[in-house]
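The values are calculated or read from the model by the stated rules, or taken from the named source; none is laboratory data. Being a predicted model, the structure only gives us computed values, none of them experimental. Positions of Cβ are generated from backbone atoms using ideal geometry, with glycine treated the same way; all protein chains shown enter the neighbour counts. To get the accessible areas, we keep the full protein, side chains included, count just its heavy atoms, and leave off ligands, DNA and RNA. Shrake-Rupley method; radii C 1.70, N 1.55, O 1.52, S 1.80 Å.
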Amino acid sequence: MKLNLASLVGLVVVGVAAGYAAAPANAADTAAAAAKSTYVKERADCEAGRTAEDRATCLKEAGAAEQERKRNQLDNNGSARQNAIERCNAVAPKDKSDCLARIEGPSKSNQTTTTSGSVAGGGMIRETTTTTTGQPTVIIIPGGAAASTPR
């Protein structure tokens, strides 16, 4: 009886270990299948004209994305907002608040932001207007000789 129980425990341990060893391979297979599925969908969208790009460009981009997925280099997990803020960091400091307003909306009462265009049409255009008041300009015009008064 002891021999059978020990054999049973040994088989269970071997089975559990095999399950753990197979999990990474299984996860890799699942990731590869998901990547292939994404590529097939992107390619179908290109063929059907459901993208904003021409067919040749779309197929080229889908293939490039597939290659990056295979190398595990494709990163779509970043925040679009964070990406935009990082782009504003490269703008001159005096223009940074306007850049951020185009991303996040006006942050000051003297700012207005308008949006036009579409992604399908080639891009979104965001324009921020900042109204400022300055000191009035005084222009002094040198006068000629004073006119004489009539006699």
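Where the second residue is modelled with pLDDT of 85 or more and open to solvent by 100 Å² or more (accessible area, probe 1.4 Å) and the first is hydroxyl-bearing (S, T, Y) and lies in segment 129-151, which pairs have Cβ atoms under 9 Å and are six or more apart or on separate chains? From residues that are hydroxyl-bearing (S, T, Y), there are no pairs.
Of all residues in segment 98-127 being among the aliphatic types (A, V, I, L, M), modelled with pLDDT under 85 and outside any helix (DSSP H, G or I), which is surrounded by the most Cβ atoms within 10 Å (Cβ to Cβ)? So, considering only residues that are among the aliphatic types (A, V, I, L, M), modelled with pLDDT under 85 and outside any helix (DSSP H, G or I), the one surrounded by the most Cβ atoms within 10 Å (Cβ to Cβ) is M124. Can you tell me which residues in segment 37-49 are charged (D, E, K, R), in contact with a helix residue (DSSP H, G or I) (Cβ under 8 Å, 6 or more places away or on another chain) and open to solvent by 50 Å² or more (accessible area, probe 1.4 Å)? The answer is E42, R43, E47. When A56, A90, A84, A64 are checked against the criterion of being among the aliphatic types (A, V, I, L, M), surrounded by fewer than 13 Cβ atoms within 10 Å (Cβ to Cβ) and either under 16 Å from the mean Cα position of the chain (by Cα) or not in a helix (DSSP H, G or I) (or both), a single residue qualifies: A90.
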